[in-house]
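Here is the structure we will look at, set down as structure tokens.
The values are calculated or read from the model by the stated rules, or taken from the named source; none is laboratory data. These figures come from a predicted structure and were not determined experimentally. Heads up, the Cβs are rebuilt from the backbone with ideal geometry, glycines too, and the neighbour counts pull from every protein chain shown. We work out accessible area using only protein heavy atoms, side chains counted, and drop any ligands, DNA or RNA first. Shrake-Rupley method; radii C 1.70, N 1.55, O 1.52, S 1.80 Å.
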Amino acid sequence: MANRYVEPSTARHSVERIDGVEQIRVPVRRQWYALVFIAVWLILWTIGGIAAMSELARHFEPFLVFWLCGWAIGWLFAALTVAGQIGGSEVIRVVNRDLEVSSGVGRVRRTWRYRGDAIHHLASHDPVVGPFQMASQLQWPIFWRPRIGAVKFDYGASRIFLSAGVDEPEGRMIVDWIARRLPASASAGSQ
């Protein structure tokens, strides 16, 4: 009988060169239940908004104008979340020995820049969370930095997390890639 080995999994991230700069792209880890729930909610929310707009066209009501402003913000938030779950990614680049991280969908991105000489204790991290923290695991790709991730580092008095869409072994690959490009002090004293 021939031995059958379990094939090692491939990395979710990819290394690419854009405008002469090498970068890592980490796709958002899809959370199917949240994606389906928010997509259905978005459809029903859209129907409610259209009904409110048609009512406003028939009879002006100041409260309805106020409600539609809130409706538009909720609709935009939900639409960006669905788009982020479908096609969102995190891009990690080291430019002039500084770390640049952007999250978003296509060209709609939010970017954070970190001075390479202020980064310390760069290390991989196990991003597994408890059952009561599952809501924080949903990645809102544009609005704020993740609070969990497979890569962590200290930046001044803050701890920064990256790469929430990968597990710790892949996080070690990303840390190795980043560490080769940042000043040596970034990895000094890593835990």
Exercise for the section: Give just the number: which of (1) under 30 Å from residue 10 (Cβ atoms); (2) in contact (Cβ under 8 Å) with a residue 12 or more places away in the chain; (3) out of contact with any Leu (no Cβ under 9 Å at 6 or more places or on another chain); (4) assigned to a helix (DSSP H, G or I) does residue 29 not satisfy? Expected result: (4)
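Picking from 74, 20, 84, which residue would you name as being open to solvent by less than 60 Å² (accessible area, probe 1.4 Å), on the phi > 0 side of the Ramachandran plot and not polar (S, T, N, Q)? Before you say what the answer is, go through the steps one by one.
Details: 74 fails: on the phi > 0 side of the Ramachandran plot; 84 fails: on the phi > 0 side of the Ramachandran plot.
Unique residue meeting the criteria: 20.
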Handout entry: Single condition residue 31 does not satisfy, out of (1) open to solvent by less than 70 Å² (accessible area, probe 1.4 Å); (2) modelled with pLDDT of 90 or more
Key = (2)
Fill in the blank from the handout: For the range 1-17, the count of residues that are open to solvent by less than 100 Å² (accessible area, probe 1.4 Å) and part of a strand (DSSP E or B) equals 3
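Can you tell me which residues in the range 53-68 are exposed (fewer than 10 other Cβ atoms within 10 Å of the Cβ) and either farther than 20 Å from residue 42 by Cα or at pLDDT 95 or above (or both)?
57, 58, 59, 60, 62, 63
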Practice task
Go through the range 166-187 and count every residue that is of a type in the set (Ser, Thr, Tyr) and either in a loop (DSSP other than H, G, I, E, B) or within 20 Å of residue 21 (Cα to Cα) (or both).
Solution key: 1
Problem - Leading residue by the ranking (nearest to residue 175 (Cα to Cα)) among those in the range 104-158 that are part of a helix (DSSP H, G or I), open to solvent by less than 80 Å² (accessible area, probe 1.4 Å) and at pLDDT 90 or above - result: 116
Practice task
Residue by residue through the range 83-102, note down the ones that are among the polar types (S, T, N, Q) and not in a strand (DSSP E or B).
Solution key: 85, 96
Fill in the blank from the handout: Inside the range 33-87, the number of residues satisfying the requirement of being over 29 Å from the mean Cα position of the chain (by Cα) and touching a residue at least 24 places away in the same chain (Cβ under 8 Å) is 0
